[in-house]
């Protein structure tokens with residue numbers, strides 16, 4: 001059923017609002033076959049931006065053949081490489097005989113094979129007939145570059161949840177050769193293949209693309225800026241009007257600020273309001289809708305805080321109370337943080353749990369705006 005407030009899938013077209021500059025930047029990078037990294041918290045619009053940008057380049061003279069896979073459920077190097085290679089092969093081939101020919105042409109001499117039985121039983125295009133060695137890794141990682149160069153066909157590979165490479169036995173066995181290959185291909189002037197690395201674990205993606213020198217100057221990060229609250233409010237008001245309902249714009253702007261303009265939360269919130277109302281939507285409806293939304297997410301929030309140490313909880317309280325300089329003696333004393341060395345350990349732990357991130361000035365930021373509201377209002381029971 002068509003809804004004016006979609007929150008269960010990515011959006012394009014009339015439902016894609018704001019971020020015109022990011023869309024233009026990403027469209028240009030895709031058209032130039034540049035490598036891109038896109039990492040923001042979950043449900044902040046990464047997929048919608050990519051789909052909208054690709055729509056803008058779809059009718060260009062040399063439109064990309066696009067492949068996409070997720071690393072979400074991958075925990076081994078072998079698993080990553082076989083899915084990576086299989087996705088690339090499916091971009092240029094469509095039948096078992098073609099799969100086998102591509103594997104033979106580009107991966108001949110490696111331990112990767114096309115096994116017809118494995119394909120029939122498991123839909124597996126790539127199989128291993130021996131343990132992986134470093135030449136196998138390099139051959140598969142270089143596969144899309146070689147195919148694109150040989151065929152003169154531009155290819156674009158989108159890898160979702162790329163940070164989970166770090167969850168394999170040794171992420172460096174993938175990241176370091178991939179970095180080297182990207183640099184080598186750039187030096188050769190090969191521009192027919194490009195990546196979009198997407199990730200929802202912001203701090204883990206920062207570790208890959210900012211914490212080391214890997215991919216430096218060869219992968220461009222595209223940042224998502226907040227969508228203007230009035231543009232969001234206009235969009236939601238139009239959605240209600242399409243169903244014959246009216247909502248005061250100022251009330252809606254207050255909700256946008258609570259959710260820090262997170263469109264996923266706002267659309268879910270508006271959808272609940274829509275289901276609870278007829279005609280003019282009053283403030284009590286918004287309050288009830290917020291309670292309903294919180295009840296959906298509260299079990300997740302309780303699980304998040306139940307895994308925190310006392311020091312981690314104390315640092316979160318210091319954060320919601322507006323502190324920034326956590327190593328200051330008065331903050332350490334007030335919140336029982338023990339020492340500046342302990343503060344660093346606690347900050348690192350909260351970043352690893354993807355609860356907080358820190359900007360260039362070491363200023364903390366909650367990655368989930370509704371969790372920030374819940375922990376302040378319901379966990380710490382602080383006044384609004």
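The values are calculated or read from the model by the stated rules, or taken from the named source; none is laboratory data. Please read these numbers as outputs of a predicted model, since none were measured by experiment. Positions of Cβ are backbone-derived with ideal geometry, glycine not excepted, and every protein chain shown enters the neighbour counts.
The residue of the range 28-64 that is modelled with the highest pLDDT, among those that are assigned to a helix (DSSP H, G or I) and farther than 21 Å from residue 162 by Cβ, is 28. If I filter the range 344-362 down to residues being without any contact (Cβ under 8 Å) to a residue 40 or more places away in the chain and either more than 15 Å from residue 308 (Cβ to Cβ) or within 18 Å of the chain's Cα centre (by Cα) (or both), which single residue comes out as surrounded by the most Cβ atoms within 10 Å (Cβ to Cβ)? Top of the filtered list is 358. Residues in the range 356-369 that are modelled with pLDDT of 95 or more and in contact with a strand residue (DSSP E or B) (Cβ under 9 Å, 6 or more places away or on another chain): 7 in all.
Of all residues in the range 318-343, those being over 26 Å from the mean Cα position of the chain (by Cα) and crowded, with 17+ Cβ neighbours inside 10 Å number 7. For the range 170-198, residues that are assigned to a loop (DSSP other than H, G, I, E, B) and touching a helix residue (DSSP H, G or I) at 6+ places or on another chain (Cβ under 6 Å) total 3. Considering the range 59-85, and only residues there that are surrounded by 19 or more Cβ atoms within 10 Å (Cβ to Cβ) and over 19 Å from residue 173 (Cβ atoms), the residue that is nearest to the chain's Cα centre (by Cα) turns out to be 67.
Going residue by residue through the range 119-126, is there one that turns out to be more than 28 Å from the chain's Cα centre (by Cα), under 30 Å from residue 186 (Cα atoms) and in the same structural domain as residue 92 (by TED's automatic domain parsing)? Explain how you work it out, then say what you get.
First, the residues of the range 119-126 that are more than 28 Å from the chain's Cα centre (by Cα): 119-122.
From the residues that got through so far, the ones that are under 30 Å from residue 186 (Cα atoms) too are none.
Within the range 119-126, not a single residue is more than 28 Å from the chain's Cα centre (by Cα), under 30 Å from residue 186 (Cα atoms) and in the same structural domain as residue 92 (by TED's automatic domain parsing).
Scanning the range 146-169 for residues that are farther than 25 Å from residue 31 by Cβ, in contact (Cβ under 8 Å) with a residue 60 or more places away in the chain and part of a helix (DSSP H, G or I) yields 163, 164, 165, 167.
Take residue 372 and decide whether it is modelled with pLDDT of 95 or more and surrounded by 13 or more Cβ atoms within 10 Å (Cβ to Cβ). So that I can check it myself, show each step before the final result.
Working: modelled with pLDDT of 95 or more: yes; surrounded by 13 or more Cβ atoms within 10 Å (Cβ to Cβ): yes.
Here the answer is yes, as residue 372 does meet what is asked.
So is residue 173 more than 24 Å from residue 38 (Cα to Cα) and in the same structural domain as residue 212 (by TED's automatic domain parsing) or not? No, not satisfied.
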